[in-house]
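*Asks:* Let me give you the structure first, and then I'll get to my questions.
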Amino acid sequence: MQLAFDELGTPLHEVTFVVVDLETTGRTPDEAGITEIGAVKVRGGEVLGEFTTLVDPGVPIPPQIVELTGITAAMVRSAPRIEHVLPAFLEFVSGAVLVAHNASFDISFLKAACDTHGYVWPKPTVVCTLKLARRVLEKQETRGHRLSTLAAFFGAGSTPRHRALDDARATVDVLHGLLERVGSLGVHSLEELLDYLPGVTPAQRRKRGLAADLPERPGVYLFRGPSDEVLYVGTARDLRRRVRQYFTASENRSRIKEMVALAERVDTVECAHALEAAVRERRLLAAHRPAYNRRSRNPGKVWWVVLTDEPFPRLSVVRRPRDGALGPFTSRARARSVADTLADLARLRTCTRRIPATEASGRPCVLAELGSCGAPCTGAQTAEDYRSSVRLVIDLIDGVDTTLLQLGHDQLDELSATHHFERAARRRDELVALLRAVDKRHRLTALASLEELVAAAPDGSGGWEFAVVRYGRLASAGVARRGVPPMPVVETLVASAETVLPEPGPLRGANGEETALLWRWLTRPGVRLVRTSTPWAEPAHGAGPWRAWIDTADTATALEAFGRGDSDAR
């Protein structure tokens, strides 16, 4: 099906391509890490820039990977971690079409790194030279489609040797060779190139008109079905370009192809910038729960750990938070596990029987006999004595005191010193889970407690992106382009911002996902606080000082998994 004139889009010689290659410690991002990134930016056959860096993967490098790439543990020891590399790399690829040989491999690692470290994956258009070569080249022309084979076939100036930048340079020459081939077939624009690749269904081609009148602005798009139901919700920096991708070969998910076949129209919500789009996407997902979205469909489905209101309180997992609750947790099992760790450290009871404030006369349970509980059910512990243990839990959750964390760390040292390594590993993992929960609670509640916060982030073009946050929710968003005085824009955004009334509970009624998203945006490099109603501060005696210990514990866990052979890197 020939593209209409208004769909021809960007000529290939005007498209900015970033050709990327990664070296990793294994095959999947779940178990392996990135050791090197190499990227080359080209347009019209001219190299505009290069990006290369070694990366500390945070996991051991298997011997066979060292032999293949030549990248050793000593080489990456002083290299930056991926979370410190991502901001510069995302800026380098911003607005470009990503190209890679076997692109699904490289993109999966980059997307996983963004998800893990709180960066928004920009959802760029992706071209896979492996797929393109299989479409363009006849079987008798080459002995296969490996990068080294194609580089030799096209006379690439760089020889692939499993080093990221050399391989990316070779892929540039392969890309140009393939584009020359398709040019003779009448493929002259990016849209025609994507349509030329295999995998475009007739239903996708027929629905191209749904994107014809969409704005070229950031925002949220909603695919609607025959009964006007919302099928799918997504975000984009350029709504028209992003929605068009659903009708090309760059969209290869069978589930989404099915959705496109059902769609009757596409609605859009224009946003000031990517942060506002991400927040509105989450709100729309919660409101419509689209059948074809897999993530964030139930943002309100969270659990909290609370102390019961009894003479001898215990820790309970509940759905409705109240002041002093620990959370939010995305699964009940995680909440229960953290509650059990807290109860064990503080020696709180875990039984559900009702115990009177005085003259208790029950029988001790196994935990009491093991010394994990003070046995208030037998009258061996008074309510006043028990209250000191409860206070330790409250103080940890509120960020007043970390005695329980230190107690757990001491237990860990004792288990290690007595060679109880399996028990020590379990205790370490329990402490890490507890620390993450406490740290998350302190971060989110500190932001949700602010009546108003105004922040600005550079837009990369000399202007500013603004966000007005009230009680952990985005109340207003806007931009001041280069040359526009920023403060009048700020005053207008504040005056027109949504009124947010705080509710009871740690997050003052805010959604945990939205508050976490705002926290990640606010703590990015370059973001500035314009003003706040009260100082924004996290507890001095919270989990913050323990973050370095968490990183060390994570490394130890990865080393143990590698030693057991659990990793795909082996």
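Since every read-out is calculated from the coordinates, none of them should be taken as a lab result. Since we're looking at a predicted model, the values are computed, not measured. Cβ: placed from backbone, ideal geometry, glycine included. Neighbour counts: every protein chain shown.
*Asks:* Would you mind computing, in nm to one decimal, how far apart the modelled labels at SER316 and LYS111 are, each placed 7 Å from Cα along Cα→Cβ?
*Replies:* 4.2 nm
*Asks:* Next up: Quickly work out the ASP323-to-SER94 label distance, labels modelled 7 Å from Cα along the C-beta direction, and quote it in nm with one decimal.
*Replies:* In this crude label model, SER94 to ASP323 measures out at 4.3 nm.
*Asks:* Within the range 105-211, report the GluC sites (Glu not before Pro) that DSSP leaves as loop and that have at most 13 other Cβ atoms within 10 Å.
*Replies:* When the GluC sites (Glu not before Pro) of the range 105-211 are filtered for loop state and at most 13 Cβ neighbours within 10 Å, GLU138, GLU141 remain.
*Asks:* If the chain between ARG524 and TRP536 were fully stretched, how many nm would it gain, using 0.36 nm times the residue separation less the Cα-Cα distance?
*Replies:* Here the segment from ARG524 to TRP536 would lengthen by 2.8 nm.
*Asks:* In sequence order, what are the phi-derived ³J(HN,Hα) couplings for the range 91-98 according to the Karplus relation 6.51 cos²θ - 1.76 cosθ + 1.60 with θ = phi - 60°, rounded to whole Hz, with x for glycine and proline?
*Replies:* 5, 5, 8, 4, x, 9, 8, 7
*Asks:* If the cut-off is 19 Å between C-alpha atoms, which aspartates and glutamates fall inside it for LYS139, apart from same-chain ones fewer than 8 positions away?
*Replies:* Filter leaves GLU180.
*Asks:* Nothing charged except the Cβ atoms of Lys and Arg (+1) and of Asp and Glu (-1): what's the magnitude of the dipole of the range 252-345 about its Cα centre? Round to the nearest 20 debye.
*Replies:* For the range 252-345, the charge dipole is close to 420 debye.
*Asks:* Toward the positive end of the charge dipole of the range 433-505, about the Cα centre and with charges on Cβ (Lys, Arg +1; Asp, Glu -1), which of LEU434, VAL469, ALA455 goes farthest?
*Replies:* Of the listed residues, the answer is LEU434.
*Asks:* While we're looking at this one, here's another question. Can you list which of the GluC sites (Glu not before Pro) found in the range 215-276 are DSSP loop residues with at most 15 other C-beta atoms within 10 Å?
*Replies:* Hits after loop and neighbour filter: GLU216, GLU229, GLU264.
*Asks:* How many angstrom separate the Cα center of the range 7-48 from the Cα center of the range 405-457?
*Replies:* First find each Cα centre; the distance between them is then 37 Å.
*Asks:* Moving on to the next point. With +1 on each Lys and Arg Cβ and -1 on each Asp and Glu Cβ, how big is the dipole of the chain about its Cα centre, in debye rounded to the nearest 20?
*Replies:* With only Lys, Arg, Asp and Glu charged at Cβ, the dipole is about 1280 debye.
*Asks:* Okay, moving on. Once you have the Cα-Cα distance between ALA74 and THR352, take 0.36 nm times their residue separation minus that, and quote the gain in nm to one decimal.
*Replies:* 94.7 nm
*Asks:* How large is the helix-only mean residue ellipticity at 222 nm for the chain, computed as the sum of -39500 (n - 2.57) over DSSP H runs with n ≥ 4, divided by its residue count, in deg cm²/dmol to the nearest 500?
*Replies:* Helix contribution divided over all residues of the chain: -12500 deg cm²/dmol.
*Asks:* If the cut-off is 27 Å between C-alpha atoms, which lysines fall inside it for LYS41, apart from same-chain ones fewer than 8 positions away?
*Replies:* Those lysines meeting the cut-off are LYS111, LYS123, LYS131.
*Asks:* Restrict the search to the range 42-101; then list the trypsin sites (Lys or Arg not before Pro) that DSSP places in a loop and that have at most 14 other Cβ atoms within 10 Å of their Cβ.
*Replies:* ARG77
*Asks:* Okay, moving on. Just report the Cα centroid separation between the range 65-134 and the range 466-493, whole Å.
*Replies:* The distance from the Cα centre of the range 65-134 to that of the range 466-493 comes to 33 Å.
*Asks:* Also: If we count every other residue with Cβ under 13 angstrom of VAL15's Cβ, Lys/Arg +1 and Asp/Glu -1, where does the sum land?
*Replies:* Once positives and negatives cancel, what remains is -1.
*Asks:* Report, ordered by chain and residue number, the lysines lying within cross-link reach of LYS207, taken as a straight Cα distance under 19 Å and ignoring same-chain residues fewer than 8 apart.
*Replies:* In chain and number order, the partners are LYS257.
*Asks:* Under a 5 Å amide H to amide H cut-off, with H placed in plane at 1.01 Å, what residues pair with LEU231 once short-range neighbours are removed?
*Replies:* Counting only residues 5 or more places away or on other chains, the set is PHE223, ARG224, GLY225.
*Asks:* Can you work out the PRE-style zone for SER184? Point 7 Å along Cα to Cβ, and I want the residues of the range 103-140 with backbone N under 14 Å.
*Replies:* 136-138
*Asks:* Let me ask you something else. Through the Karplus equation 6.51 cos²θ - 1.76 cosθ + 1.60, θ set to phi - 60°, convert the phi angles of the range 452-458 into ³J(HN,Hα) values in whole Hz; use x for Gly and Pro.
*Replies:* Residue by residue, the range 452-458 yields 7, 9, 10, 10, 9, 10, x Hz.
*Asks:* Rank-order 335-343, 415-423 by packing density, defined as the average count of other C-beta atoms within 10 Å over each peptide's residues, highest first.
*Replies:* My ranking of the peptides, most packed first, is 335-343, 415-423.
*Asks:* Follow-up. What's the ranking of 326-334, 34-42, 435-443 by average number of surrounding C-beta atoms within 10 Å, highest first?
*Replies:* Highest mean packing first, the order is 34-42, 435-443, 326-334.
*Asks:* Estimate the FRET efficiency between GLU216 and ARG336 by the formula 1/(1 + (r/R0)^6), using the beta-carbon distance for r and 51 Å for R0, to the nearest 0.05.
*Replies:* That gives a FRET efficiency of 0.60.
*Asks:* Between SER416 and ALA287, take the C-beta separation as r, use R0 = 60 Å, and let me know the FRET efficiency to the nearest 0.05.
*Replies:* The computed FRET efficiency comes out at 0.75.
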